[in-house]
Structure formats: structure tokens, C-alpha cells
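I have placed the structure first, in the form of C-alpha cells, so that the comments after it can refer back to it.
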Amino acid sequence: MISTSLTPLEVTLRAKRDAGRKLLVPYVTGGLKGWTDAIRAAAANGADVIEIGLPFSDPVMDGPIIQQASQQALDDGATPISILEGVRTLDVDVPLVVMCYYNTVHHAGHERFASQLFQAGIVGAIIPDLPLEESGPWCAAADAVGLATIMLAAPTAPDERLPRVCARARGFVYSVGLLGVTGERTELAATASLLAKRLKKVTDIPVIIGVGVSNSAQAVEACKVADGIVQGASVVRRLMEGGPDAVGAYVAEVRAAIDASTV
Amino acid sequence: MSISNQSIMSEPSESGRFGEFGGRFVPETLVPACQELEAAFREAWADPIFRAELDQLLKEYAGRPSMITECYQLGAKLGIRLVLKREDLNHTGSHKINNVLGQVLLAKRMGKKHIVAETGAGQHGVASATAAALMGMSCKVYMGAVDVERQGLNVFRMKLLGAEVEAVHSGSRTLKDAVNEAMRDWVASVESTHYCLGSVMGPHPYPWMVREFHRVIGSEAREQCLERYGSDPDFVVACVGGGSNALGIFSGFVDTKARLIGVEPAGGAAVGRGQPGVVHGMRSYLMQDEYGQVQEAHSISAGLDYPGVGPEHSYLASIGRAEYPTVTDTEVIEAFQLMAKTEGIIPALECAHALAWISREAPKMQGKTVLMNLSGRGDKDVGQMMEILG
Ligand SMILES: Cc1ncc(COP(=O)(O)O)c(C=O)c1O
């Protein structure tokens with residue numbers, strides 16, 4: 001089942017997971033005021049992977065907070081190129097992946113975009129509006145440079161679809177936590193653990209829950225089933241309200257909570 | 001069926017492609033819903049009972065067939081024979097009802113309880129609210145805040161019909177952003193809700209399904225032209241926002257010699273000024289900047305104020321079967337008044353685009369028969385025109 005050529009991202013994450021560590025993946029909107037320092041703060045406070053959003057004009061999988069962050073970044077002149085330039089200056093020890101909408105990829109061209117990411121030191125990509133059936137050309141380009149395409153699995157997927165999504169996923173599989181878009185919720189949706197459980201049954205690749213994991217308590221709950229969590233809106237809100245230090249403090253808090261629950 | 005017998009406008013490929021356009025670029029969450037919708041549509045469309053039910057609604061509720069009207073005064077003035085397909089006379093005042101009755105009937109058959117829709121000019125929103133009221137479903141309509149402002153009459157109509165109207169304040173606050181918000185709603189509500197998309201756009205099967213629901217426009221028009229004039233028109237002209245009224249009428253003539261003209265607003269010329277891109281679930285021509293950020297359209301007409309276009313139009317343009325010229329807001333305002341004064345018909349601002357092109361190009365079409373899709377009536381635009389004309 002495991003191919004001989006695991007991506008570097010997957011090698012790292014499997015090793016950590018197999019050593020008993022829960023994986024913490026904060027998301028930061030690229031180009032948002034303070035974003036590079038926020039990434040450094042997240043890296044210094046226990047992130048295992050950092051997801052960098054490339055802002056898009058029409059982010060259909062994002063709720064109000066990340067929409068607002070994307071718009072601010074675009075208004076400040078952020079482009080995929082300027083963000084990748086910023087990435088080169090980061091000098092952090094944590095694997096970096098991008099989250100971007102497919103038109104950003106399509107417009108640049110699959111091969112060109114994959115090589116731009118690779119050259120900036122990015123090791124993976126999450127493309128929320130590129131479902132399995134449409135993913136072929138991008139995946140081929142990403143595979144060719146060893147970039148991990150992190151596939152999303154949704155709660156609506158029938159059983160037969162999940163193994164096919166997992167087979168195409170590299171690095172980890174992104175287990176979508178709820179029916180809906182990104183944003184903070186008062187409780188972890190019941191679908192979150194359910195889907196992660198279904199995925200764990202059919203794959204050995206790390207399963208990480210994202211969308212709607214909104215605080216450290218929810219992170220702990222999600223990690224009872226999953227190998228880790230993505231924290232998006234809750235991180236971005238802190239960056240907008242309290243700057244990079246608030247992101248560092250929040251990542252440290254979530255780190256401590258999930259570590260405490262796994263000993 | 002042999003390939004040579006097949007219409008240029010037949011079924012898209014298995015992946016929902018018209019040539020290299022179309023597809024299904026949606027979040028994983030929506031893939032099963034799109035697949036389910038495709039299967040349900042395929043099954044219903046082949047089912048004589050569904051077809052009979054829809055035909056009856058189109059006849060007894062929407063008022064089909066819509067007639068054709070020859071514009072004798074305007075035709076004489078322009079030196080052409082100008083024939084209108086009167087979609088403005090349908091119940092709710094535009095072609096949009098054809099698609100909506102089909103989709104809401106299908107949604108009911110699929111066991112859905114709620115309808116969510118986007119709207120630009122409000123005509124699709126009104127049609128959706130109407131069909132939902134008729135078939136006992138709840139309806140929520142997303143509308144850009146700019147459009148809520150300029151199409152106030154339709155906002156009130158939707159509310160009267162029992163729909164909830166939500167103003168969208170993100171992005172350009174027009175149709176594009178209303179689609180985004182409707183899609184976000186659908187991602188969260190997909191299990192109980194049908195997304196009633198208002199044009200031949202979005203992920204597969206929408207571009208195909210919506211075109212099939214509007215095919216009735218072209219089928220009727222072809223028959224009516226043959227009966228009345230004994231021949232096909234030389235030109236078939238329609239305005240293009242997403243492109244549903246245009247594909248509806250084109251479908252009747254795509255396999256004839258008629259030239260097919262889809263008129264876009266100069267400020268929303270997806271085919272004219274766009275490049276292939278992917279947004280709202282489809283690969284199609286799209287106005288975008290050098291990094292693939294979608295650009296804002298700017299048109300006097302809320303229904304055409306959209307930076308993209310349905311994928312089948314991109315295909316028809318790419319093979320040279322249809323042409324997509326543009327007209328300016330100023331030309332549209334002239335055409336709007338021209339039709340009112342010479343024919344006693346107040347057109348919707350959208351289809352005034354088609355007339356604007358016809359009156360500009362008439363010198364090159366002398367003596368020809370031009371069939372124009374009058375996609376809707378202009379009552380909704382009277383307030384906006386009062387301000388513009390003073
Ligand atoms: C009367 C009328 N015509 C045309 C349109 C544009 O839509 P489409 O290009 O899908 O026909 C609209 C949209 O609101 C409309 O109200």
C-alpha cells in the first residue's frame with residue numbers, strides 16, 4: 001500500500017506520529033500584516049507543519065474570518081510571488097505547505113507553479129476546490145518535484161470514495177471536520193471524529209482534522225481519534241487582533257493541551 | 001447514433017466537459033451532491049412522467065409557449081426583419097422560470113426540503129421564490145448588496161413570495177459574490193438543500209442541465225420561425241451573463257446555418273477579454289488579473305455583471321460556432337428607450353444589450369432576418385432608468 005517514494009513531508013509526519021506525537025498544523029494567511037512573524041512564532045511554539053494561505057479573490061471554502069484576512073492581504077498587495085518571496089526569508093525548521101484555490105495554480109500553469117513552490121521551500125499543497133476527479137494534472141506536476149498534494153476528505157463521501165482519496169493523498173489526509181466552511185464554532189462537530197475514524201480504518205497515512213477545530217479543548221477532543229489538527233480561523237483571528245505574539249501564545253497553549261492528553 | 005448526426009450542443013463528456021471547458025471543480029464536500037444531482041437529472045429527463053409534469057407546469061403556470069413578435073416599425077427603421085422571442089411574457093417576467101421549474105421539480109423528486117439560490121438582477125431569485133412557493137419548499141436567495149440597491153423591486157417581490165433574501169457584502173457585492181455565498185451555504189446545508197443555480201454555469205451537471213431546461217426556448221422558436229416565415233433566421237442574438245437565455249435559444253439553431261451572436265457587456269466580457277480560468281466550479285473564460293485573481297465586472301445591468309461565462313459558450317467560441325461581441329452601457333440605454341418608443345415594449349436591461357448590438361450592426365445585415373431573445377421585461381429596471389435618465 002505504501003509506495004517506495006514517500007514525500008519528505010510524509011516521512012517526517014509518520015515518524016512523529018509513530019513516536020506518539022499529535023500533529024499540530026496552524027494556518028496563517030500569507031500577506032496578512034505580521035504573517036511571517038506569526039509563522040516564526042508558531043514554529044517556535046510547537047507547530048509540526050505550518051499551512052500558509054495564498055489569498056484568493058473568491059475563497060468559497062472560507063468563512064468570514066479567513067475571507068476578511070484574505071481581502072486585507074490582497075488590499076495590501078499580496079501576490080503568490082510576493083508571499084513565496086516572504087517564505088524564503090522565514091528560516092524556520094518546520095515543514096511549510098500552502099493552501100490555495102485552484103485558479104491560482106491553473107493560471108500559473110501546473111508545472112510552473114509546482115516548481116515555484118518547490119524552489120521557495122514549500123513541501124506540500126492543499127487545494128480545497130480541486131476534488132479527486134480533477135486532480136490528475138496537478139498531482140502529476142507536484143509528484144514530479146516531490147511536492148505532497150494533501151487531499152481533503154469530506155464527511156459526505158461514501159465509503160467507497162475514501163480509500164481512493166487516501167490513495168491519492170501525500171503527506172497527510174485532510175479530514176474535513178464539518179459540513180461547512182472555515183470558521184470558529186462553539187463545539188467540535190460530531191462529524192469530525194466520525195470521519196476521522198472512517199479514514200483511520202482505510203489508511204495508514206496521517207489523518208489530520210481541519211475546519212471547525214476552534215480551541216485547545218476541541219483540539220484535544222479531535223486528537224482522540226485523529227493524528228492531529230489544523231487550526232485556521234482561530235489562529236488568523238488572533239493574528240488580526242493581537243499580532244504574532246498572540247499566535248505564539250495560542251499555539252503553545254494548544255500544544256500543551258494535546259501533549260498533556262497523550263501522556 | 002453516428003457522430004455526424006450529433007448536434008454540436010449535445011451532452012458534455014463524462015467529466016462534464018464541452019471541449020476543454022466545464023468540469024467539476026468543487027470542494028470534496030459537494031462532489032457526492034453533484035453526482036447525485038447528475039444521476040437524478042439523467043433519470044428524470046428520460047422519464048416521460050417527469051417530462052409531462054414539467055411540460056404541464058410550463059404550459060399552465062409559466063404560460064408557454066411564448067410567442068414570437070415581429071417588430072415592424074423597428075425592423076423598417078433598421079432595414080432588417082426583427083423577430084422577438086417573447087420570454088418577457090412568461091410568468092415572473094423572464095426566461096429564468098423555465099430552468100427554475102425544472103430544478104425545483106427535480107429537487108422535490110430528490111426529497112430536498114430547501115432551495116438556495118443566487119441572483120443578480122433578481123429575476124432568478126424571483127423565479128426561485130415563486131417555484132418554491134408553488135411546490136411548498138423554503139427558499140433563501142443570496143444577492144449582492146449593490147444589486148439589492150439597484151433592483152429593489154425584485155427584492156420586495158422575493159419577500160412577498162416568502163423567500164429570505166440575504167445581501168452579500170463581500171468582494172464586488174454583485175452576482176459573483178452572491179454565487180460564492182450560495183456555494184458556502186450549500187457546503188453547509190447540502191444534505192437537505194438543493195442549490196438552484198440560475199444560469200448555465202457552475203460544476204457539472206449544472207451547465208448541461210440548465211441548458212436542457214432552457215432548450216424549450218430554441219425548440220419553440222425554430223418551429224415558430226419555420227411556420228411563420230418558412231425558413232430559419234439569418235442571425236440569432238441573445239445577451240450573455242452566465243449565458244442561459246442565449247444557450248436556450250441557440251440550441252434550436254446551432255445545427256442550422258444561422259449565425260449565433262451572444263452579446264456581452266463591455267465591462268463584463270468574459271469571452272472577449274477573459275482567459276481560461278477556474279471559478280464557481282467550472283473551467284471557462286474568466287476575467288482575471290496576472291495572478292489569477294478574479295476581476296470585478298462592471299455593467300449597468302445587474303444580470304450581466306459577471307466576470308465569467310458558462311463553459312459551453314467558451315466551447316462554442318473556441319470552435320467558432322458562436323460570436324461574442326460587446327456593447328457599452330451607453331448603447332444599452334439607447335436601445336432600451338428605442339424599443340420602448342418604437343415597439344411599445346420595455347425590455348429588461350439585459351436583453352437591451354442584444355438590441356444594442358443589432359441596431360449598431362444593422363447596416364451590415366440589411367434585408368436579413370434577425371431573431372432576438374427578449375429574455376425579460378423591463379419593469380424591474382424602471383427605477384434605475386428613472387435615475388439615469390433623470
Ligand atoms: C432578463 C434577463 N436576461 C438575461 C439575464 C442573464 O442571464 P443569462 O445569461 O443566464 O441568460 C438575466 C439575469 O438576471 C435576466 O434577468
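The values are calculated or read from the model by the stated rules, or taken from the named source; none is laboratory data. These numbers come from a predicted model, not from an experiment. Every residue, glycine as well, gets a Cβ built from its backbone with ideal geometry; the counts of neighbours run over all protein chains shown. The accessibility values were calculated without ligands, DNA or RNA, using every heavy atom of the protein model including side chains. Shrake-Rupley method; radii C 1.70, N 1.55, O 1.52, S 1.80 Å.
One table, with the values for the structure above:
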read-out: Among the candidates B:101, B:74, residue that is in a helix (DSSP H, G or I), under 16 Å from the mean Cα position of the chain (by Cα) and away from the ligand (no atom under 15 Å from the Cβ); value: B:101
read-out: Evaluation of residue A:44 against (1) open to solvent by 40 Å² or more (accessible area, probe 1.4 Å); (2) closer than 29 Å to residue B:279 by Cβ; (3) hydrophobic (A, V, I, L, M, F, W, C) (one fails), failing number; value: (2)
read-out: Only listed residue being among the hydrophobic types (A, V, I, L, M, F, W, C) and farther than 28 Å from residue B:119 by Cβ, chosen from B:26, B:83, B:31; value: B:83
read-out: Residue match in the range B:343-359 (condition: open to solvent by 10 Å² or more (accessible area, probe 1.4 Å), within 19 Å of residue B:126 (Cβ to Cβ) and in a helix (DSSP H, G or I)); value: yes
read-out: Verdict on residue B:269 being within 17 Å of the chain's Cα centre (by Cα), within 11 Å of the ligand (Cβ to nearest atom) and open to solvent by less than 10 Å² (accessible area, probe 1.4 Å); value: no
read-out: Selection within the range B:216-235 - in contact with a Gly (Cβ under 8 Å, 6 or more places away or on another chain) and either of a type outside the set (D, E, K, R) or not assigned by TED's automatic domain parsing to the domain that holds residue B:308 (or both); value: B:216, B:217, B:218, B:219, B:221
read-out: Count of residues meeting criterion [in contact (Cβ under 8 Å) with a residue 40 or more places away in the chain and part of a loop (DSSP other than H, G, I, E, B)] in the range A:163-182; value: 7
read-out: Cβ pairs under 8 Å, 6+ apart, first in the range B:234-249 and within 14 Å of chain A (Cβ to nearest Cβ) and under 18 Å from residue B:282 (Cβ atoms), second near the ligand (Cβ under 10 Å from one of its atoms) and part of a strand (DSSP E or B); value: none
read-out: Residue match in the range B:370-378 (condition: under 27 Å from residue B:226 (Cα atoms) and more than 16 Å from the ligand (Cβ to nearest atom)); value: yes
read-out: Helices (runs of 4 or more DSSP H) contained entirely in the range A:94-162, each with at least 2 residues that are at pLDDT 95 or above and either in contact with a Cys (Cβ under 6 Å, 6 or more places away or on another chain) or at the interface with chain B (Cβ under 9 Å from one of its Cβ atoms) (or both); value: A:102-108
read-out: Enumeration of residues in the range B:190-242 that are among the small types (Gly, Ala, Ser) and under 10 Å from the mean Cα position of the chain (by Cα); value: B:198, B:199, B:238, B:241, B:242
read-out: Boolean, residue A:58 is open to solvent by less than 10 Å² (accessible area, probe 1.4 Å), farther than 25 Å from residue B:307 by Cα and either out of contact with any Cys (no Cβ under 9 Å at 6 or more places or on another chain) or touching a residue at least 40 places away in the same chain (Cβ under 8 Å) (or both); value: no
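So that you can scan it fast, the table gives a plain yes or no per residue for (1) touching a helix residue (DSSP H, G or I) at 6+ places or on another chain (Cβ under 7 Å); (2) crowded, with 17+ Cβ neighbours inside 10 Å:
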{"residue": "A:78", "(1), (2)": "no, yes"}
{"residue": "A:96", "(1), (2)": "yes, yes"}
{"residue": "A:121", "(1), (2)": "yes, no"}
{"residue": "A:125", "(1), (2)": "yes, yes"}
{"residue": "A:132", "(1), (2)": "yes, yes"}
